[in-house]
1. ASP194 is checked against (1) modelled with pLDDT under 95; (2) crowded, with 20+ Cβ neighbours inside 10 Å and fails just one. What number does that condition carry?
2. Based on what the data block shows, is VAL24 in contact (Cβ under 8 Å) with a residue 12 or more places away in the chain, closer than 25 Å to GLY188 by Cα, within 16 Å of ligand 2 (Cβ to nearest atom) and buried (at least 16 other Cβ atoms within 10 Å of the Cβ)?
3. Just to be sure before I move on: is VAL160 buried (at least 21 other Cβ atoms within 10 Å of the Cβ), within 16 Å of ligand 1 (Cβ to nearest atom) and free of Cβ contacts under 8 Å to residues at least 60 places away in the same chain in the structure I sent?
4. Where in the stretch 242-350 are the strands (runs of 3 or more DSSP E), entirely inside, with at least 1 residues that are under 30 Å from VAL108 (Cα atoms)?
5. In the stretch 27-75, which strands (runs of 3 or more DSSP E) lie fully inside it and hold 3 or more residues that are touching a strand residue (DSSP E or B) at 6+ places or on another chain (Cβ under 6 Å) and under 25 Å from PRO112 (Cα atoms)?
6. Given the condition under 20 Å from the mean Cα position of the chain (by Cα), away from ligand 2 (no atom under 16 Å from the Cβ) and surrounded by 13 or more Cβ atoms within 10 Å (Cβ to Cβ), answer yes or no: does some residue in the stretch 240-259 qualify?
7. Would you pick out the residues in the stretch 272-297 that are within 16 Å of ligand 1 (Cβ to nearest atom) and buried (at least 18 other Cβ atoms within 10 Å of the Cβ)?
Amino acid sequence: MLNNFFSSLSRDIGIDLGTANTLVYVKGRGIVINEPSVVAVNQKTGQILAVGDEAKKMVGRTPAHIVASRPLVEGVISDFEVAEQMLRYFINQVRKQSLKFLSRPRVVIGVPSGVTEVEKRAVEDATRSAGAKDVYLIEEPMAAAIGSRLPIQEAAGNMVVDIGGGTTEVAIISLGGVVVCRSLRIAGDKLNEDIILYARDEFKLLLGEKTAEDIKIAIGSAFALEDKVETSMRGRDLITGLPKEVIVNSDHIREAMKRSVKTLVNAVRSTIEEAPPELVADIMGRGIILAGGGSLLRGLDRLVAQETQMPVKITEDPLTAVVRGCGIVLEDVDALKNVLVSTQYQEPPR
Ligand code: ADP
Ligand code: MG
């Protein structure tokens, strides 16, 4: 009786620990945290000053002894201690909100496909030392596919392209497993860098990272737009050292990102070329699903469709697909055990 009562108090959470954003899903409640994966640290004292949105505002604006850093690079943990502290902060936020979390939660957390054992281990260890009781790993494209409600357990090909901040993951999934996958380090961050380089080379203008990202989101495109749009680019004149503003249009920005976008699309193509023909036939029928924030780049879906000759669809709410997938797994870990990466799942005590 008492046991039943305790097991009805679910304390399971799903985490999408992304290079750009971290999201947390609580079983029965949905997404409760959605913030940038940024931590501001006072280097003199080692003290954490801010996490998430608040820390992101500080990027590029801190005094010398404060660093706003991103603990993940290209999908994997690059600064273990900071990553752990960030996870601890987010997990504690959730635990504070509910009495159910007096005890330590079970966590389903995404890892990029194709990462090394050591990198997986780092995520698992950081999550555990941040306060989790049990940790289950799931490959991010698998989580994105589940979050997109694709029938991943069927014997049929489902293709997902998850374009995040640090990496793009291309995966073909069938029978609950990843059949072919490819991960490349060209994603949202690289496009921002392309814009910074373009501004430097074309206009002798030094742009900040955040400005470059804002421009990409405002007028960036992968396919020629019907209506050209313009925006102003503000930065520092590299010659005079003074502030400068330049007006750019969507054609300029598309040109700036062209090579990276091409590499990305080629990776999708070559993944299809590697796939068994039966799966390719399935994907032709079902289409390629795009997920992750990068999929929102205007016209990218059209370009991928043109270059692969496949139907392409952006998943609903692409920035939350991975964490929603983790959430679906949480709701029924038993039925979806086969999609998890780690094998340490144990039956919960009854
Ligand atoms: P991650 O999983 O690596 O944390 P996300 O899936 O959260 O990444 O996506 C973040 C990336 O998506 C960032 O590089 C951001 O610039 C990009 N992004 C978000 N919205 C848009 C948009 N409307 N157009 C183009 N890129 C976008
Ligand atoms: Mg992601």
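The values are calculated or read from the model by the stated rules, or taken from the named source; none is laboratory data. As the structure is a prediction and not an experimental result, all values here were calculated from the model. Positions of Cβ are generated from backbone atoms using ideal geometry, with glycine treated the same way; all protein chains shown enter the neighbour counts.
1. Going through the list (1) modelled with pLDDT under 95; (2) crowded, with 20+ Cβ neighbours inside 10 Å, ASP194 breaks only (1).
2. It is true that VAL24 is in contact (Cβ under 8 Å) with a residue 12 or more places away in the chain, closer than 25 Å to GLY188 by Cα, within 16 Å of ligand 2 (Cβ to nearest atom) and buried (at least 16 other Cβ atoms within 10 Å of the Cβ).
3. On the way: buried (at least 21 other Cβ atoms within 10 Å of the Cβ): yes; within 16 Å of ligand 1 (Cβ to nearest atom): yes; free of Cβ contacts under 8 Å to residues at least 60 places away in the same chain: no.
Answer is no for this residue.
4. Details: elements: 243-249, 288-291, 312-314.
Ranges flagged: 288-291, 312-314.
5. Numbers: elements: 30-36, 39-42, 48-51, 66-69.
The qualifying strands (runs of 3 or more DSSP E) are 30-36.
6. There is at least one residue in the stretch 240-259 that is under 20 Å from the mean Cα position of the chain (by Cα), away from ligand 2 (no atom under 16 Å from the Cβ) and surrounded by 13 or more Cβ atoms within 10 Å (Cβ to Cβ).
7. In the first step, residues of the stretch 272-297 are kept if they are within 16 Å of ligand 1 (Cβ to nearest atom); the result is 289-297.
Hits for the stretch 272-297 are ILE289, LEU290, ALA291, GLY292, GLY293, GLY294, SER295, LEU297.
Each row is one residue, and each column tells you yes or no for (1) more than 16 Å from ligand 2 (Cβ to nearest atom); (2) under 25 Å from PRO243 (Cα atoms).
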| residue | (1), (2) |
| --- | --- |
| SER148 | no, no |
| VAL161 | no, no |
| ASP189 | no, yes |
| ALA199 | yes, yes |
| LEU207 | yes, yes |
| ALA218 | yes, yes |
